[in-house]
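Take a look at this one; I'll ask things after.
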Amino acid sequence: MLLQASKVSLAFSGVRALVDVDLEIEEGALVGIIGPNGSGKSTLFNVLSGIYRCETGSIVFDGARIDRLGAAQIVQKGLVRTFQNKRLFTSMTVLENVVVAALKSKRGSALGDVLALAGSRSAMSAAWDLAHRCLARVQLTEWGHVLARELPYGAQNRLEIARALALQPRLLLLDEPAAGLNPAERTELRQLIQSVHDEGVTIALVEHDVRMVTGLCERVIALDHGEKIADGPSGVVIQDPRVIAAYFGEVDGEEVENAQG
């Protein structure tokens, strides 16, 4: 088992954000995580990636506990995430954004480490080569010289993924990568996620576009009010009465079938 979270709980000012969540992700899996706004999806990713620390429970990645490690240490172990609210260096070029991530993948994550590593010609050469490959992977090569803030919104989503790939993940957590995209961009993104998975990267996908999730993921996990309410084959989970009530609201059978795509 690549990732195993057991009885993970977290509260903010007395409000329960996660309640005894159990999660297992096998190496090579492509798992979808769904739930309504406020259900705990992004909070779960924040805990898994070390941004928040769980109050109770444990998280094991590749056989070792990571629930008391910092985010930078967890990245170094190969667990990498993207953010719905992108964290791009807007005053740097698209290529430079990916180079910074590529440098971090070579050594520790502190800015001092990156700057020190920059003095190594071989390391810099390897980082630039990796960055170019990652941009090509997400079809952004022609945008490499452009400032990140000048990218179209959909391209910024792909840049976020390129930066994550430059960190050379074993497990990639994608937090609502399709947010704000038009239908054509969603189709392109779906193809990109599938191809990254086909190349051997384990992926957990948080996404409001249920059709995308069920189209990509054989297994889906549903959260509501910080609790896991369903876990299983996608077609079974989205027809679970608890999931319909929590995520879809009151819908009829035809709408559920349409959501399955």
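The values are calculated or read from the model by the stated rules, or taken from the named source; none is laboratory data. As the structure is a prediction and not an experimental result, all values here were calculated from the model. Quick reminder, even Gly has a Cβ in these numbers, built from the backbone with ideal geometry, and neighbours come from all protein chains shown.
Report the residue count in the range 131-187 for those that are without any contact (Cβ under 8 Å) to a residue 60 or more places away in the chain, over 27 Å from Glu26 (Cβ atoms) and in contact with a Lys or Arg (Cβ under 8 Å, 6 or more places away or on another chain).
Going through the range 131-187 one residue at a time, the tally reaches 2.
Identify all residues within the range 65-99 that are surrounded by fewer than 18 Cβ atoms within 10 Å (Cβ to Cβ) and among the hydrophobic types (A, V, I, L, M, F, W, C); write none if there are none.
Ala71, Ala72, Leu88, Phe89, Met92
Since Ala102 meets every condition but one in (1) within 19 Å of Arg163 (Cα to Cα); (2) in contact with a Gly (Cβ under 8 Å, 6 or more places away or on another chain); (3) touching a residue at least 40 places away in the same chain (Cβ under 8 Å), which condition does it not meet?
With (1) within 19 Å of Arg163 (Cα to Cα); (2) in contact with a Gly (Cβ under 8 Å, 6 or more places away or on another chain); (3) touching a residue at least 40 places away in the same chain (Cβ under 8 Å) applied to Ala102, the lone miss is (2).
Inside the range 76-109, can you point out the residues that are within 17 Å of the chain's Cα centre (by Cα), assigned to a helix (DSSP H, G or I) and at pLDDT 95 or above?
Lys77, Val98
Take the residues in the range 164-185 that are aliphatic (A, V, I, L, M) and more than 10 Å from the chain's Cα centre (by Cα); name whichever of them is modelled with the lowest pLDDT.
So, considering only residues that are aliphatic (A, V, I, L, M) and more than 10 Å from the chain's Cα centre (by Cα), the one modelled with the lowest pLDDT is Ala179.
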